Structure formats: structure tokens, C-alpha cells
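Working notes, beginning with the structure itself.
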Amino acid sequence: MAHIIVVGNEKGGSGKSTTSMHVATALARLGHRVGALDLDLRQKSFGRYVENRRAYLARQGLDLPVPDYRDLPDLAPAQIPAGENPYDARLSAAVAALEPTSDFIIIDCPGSHTRLSQVAHSLADTLITPLNDSFVDFDLLARVDPETGKVKGPSIYSEMVWNARQLRAQAGLKPIDWIVLRNRLGAQAMHNKKKVGAALEDLSRRIGFRVAPGFAERVIFRELFPRGLTVLDLRDTGVDVLNLSNVAARQEVRDLMKALKLPGVEVSF
């Protein structure tokens, strides 16, 4: 069976689609077969990212690895089992179609609470939660005492992950490996940055996730989207000399892939 990687966070603007595309492309460049789904049925940022990649490579005559992106299939009423939620059936059909030809399936969830996102989390072998490095986004994971900064308890998103873990346990599936990425880390060791880091470490021990460094705030990540490229593709598209920011961004992707500890993946770029 394919290893399912879900990228989820109920807040928008945390870097989910950028993370999804870089993980998917990194795996494809390492020789793995990668399927891709986008559960944000309105914006489809991840899906558009892959479409931009296909179009750019076709225009430039380049042959670079591309994830096998699919839209969720439309199912006729007769194809939906009696009593089953139509969205559940569409997601199940999409995963079933990708599994025979995929080593990994990347599922990008919307920045809101939806039925599709709930079901996807219960399918996750690996869950990646990109998080902007601030207490505004941290509030999604846990409630914090405003005076002491101590974690008071899990919040709405953590509770959803807990429910997904319970469903997997009941089905006899292995536990979710949950990784929280600290995105948009500042270059300086500011007081707030240290406080967020301490709170994350405290919470990670209490509810069971790993903390990993994500992507810094870099212009390059925004510039690559229209062409569907990642920082791993720059040398293959005519950029002979990478500037310091691009080199650092590439290292961030390498560090992320190592931190994920995916089965059968040897990071060699």
C-alpha cells in the first residue's frame, strides 16, 4: 500500500501547498512514484501548482519529475454505497485509483474544518502541520495562559488529530507520525520565537508530535509557484549559480525531508 502523507492545518496561509509541492517533488526526484490530491475544492492551490509545472515543462521542453495529480472523481449516485457520505466515497475512490501506481500519496487539506479534511487525517501515515511561528497560529494547537505562557490544554485542531488517531487505532492501523513544521522562522532569536519554541516542545510531549524546522519567509518560494517549480529544480532550469537565499532554501527542503523519516527514503540531494 502507498504511504499516505497528509498536509493539514485549519488556518490558511501557513504554507501547506508550498510544503506539499516540495515534499512531492523531492520524493519524485528521488525516484519514488508520487500521487497527489488537493482537498481544497475551491482554491486548489496544490493542484494549480502541479498544473503550472506541467505547463512550464511543456513550454520549455524540459523533462523533470511531476507528481501524478488527480482531481477527486465525480461519482454517480449509484456508485456511492448506501449510507456513505458522498465526499468519503470520492476520497476513497481517488486514493484507490492512485495506490496501485504510487509509493507515496500527498494529500493537501484546506485551511478550514471540512468533512474531507477529517477523513484525510484518519488516512494519514504521516501528518505534516505547517505552522507560522507565532502564538496566533499556535492557538490552533493549544490554549496558552496569557500570563505565564504555559500550555493549558489542546485546542480544536489537536482534538481533530486525536479523533483521527482513535479511528486508526480502532481499525488496527499504525499510529500517525505527526510532525509540526515551524514555518516563517525569523532570522534572529527573538524573545517571542523562544517562547513559541518552548511552548511547542512542551505540547509535543503532552500530545505526541515531533517538531521540525520548516521554511523561512523567502521571496523565492512565492516566485516559483507560477512556473510550478521548486527550489530543487533551479539548476535544471538554467540557474547555474544559486544565491545564498536559494542555497539556504534548498537546505531547508533537505532538512525537512530528513526530519520526516519516511520509509524507504534516502535523502541524496
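The values are calculated or read from the model by the stated rules, or taken from the named source; none is laboratory data. All values derive from a computational prediction rather than experimental measurement. Positions of Cβ are generated from backbone atoms using ideal geometry, with glycine treated the same way; all protein chains shown enter the neighbour counts.
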Residue match in the range 132-149 (condition: surrounded by 13 or more Cβ atoms within 10 Å (Cβ to Cβ), more than 23 Å from the chain's Cα centre (by Cα) and of a type in the set (A, V, I, L, M, F, W, C)): yes
Residues satisfying the stated conditions in the range 213-269, i.e. part of a helix (DSSP H, G or I), farther than 21 Å from Arg182 by Cβ and touching a Leu at 6+ places or on another chain (Cβ under 8 Å): Asp233, Leu234, Arg235, Asp236, Thr237
Selection count where residues are under 13 Å from Asp108 (Cβ atoms) and in contact with a strand residue (DSSP E or B) (Cβ under 8 Å, 6 or more places away or on another chain), scope the range 26-42: 7
Failed criterion for Glu159 (all others in (1) surrounded by 18 or more Cβ atoms within 10 Å (Cβ to Cβ); (2) among the charged types (D, E, K, R); (3) closer than 15 Å to Asn9 by Cβ; (4) modelled with pLDDT of 90 or more hold): (1)
Residues of the range 79-109 that turn out to be in a loop (DSSP other than H, G, I, E, B) and over 27 Å from Leu30 (Cα atoms), as a count: 6
Unmet criterion (only one of (1) within 25 Å of Leu30 (Cβ to Cβ); (2) in contact with a helix residue (DSSP H, G or I) (Cβ under 8 Å, 6 or more places away or on another chain); (3) touching a residue at least 40 places away in the same chain (Cβ under 8 Å)) for Ala259: (2)
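Per-residue answers, yes or no, for (1) crowded, with 16+ Cβ neighbours inside 10 Å; (2) under 18 Å from Ala36 (Cβ atoms); (3) within 18 Å of the chain's Cα centre (by Cα); (4) modelled with pLDDT of 95 or more:
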residue	(1), (2), (3), (4)
Ala76	no, no, no, no
Asn85	no, no, no, no
Ala96	no, yes, no, yes
Thr101	no, yes, no, yes
Thr126	yes, yes, yes, yes
Pairs where the first residue, in the range 163-186, is in contact (Cβ under 8 Å) with a residue 60 or more places away in the chain and the second is hydroxyl-bearing (Ser, Thr, Tyr), C-beta under 6 Å, 6+ apart: Asp177/Thr126
Residue among Arg165, Arg182, Arg143, Arg206 that alone is farther than 23 Å from Lys258 by Cβ, assigned to a strand (DSSP E or B) and of a type in the set (D, E, K, R): Arg143
Conditions (1) closer than 23 Å to Ser117 by Cβ; (2) in contact (Cβ under 8 Å) with a residue 24 or more places away in the chain; (3) surrounded by fewer than 20 Cβ atoms within 10 Å (Cβ to Cβ); number of the one not met by Pro226: (1)
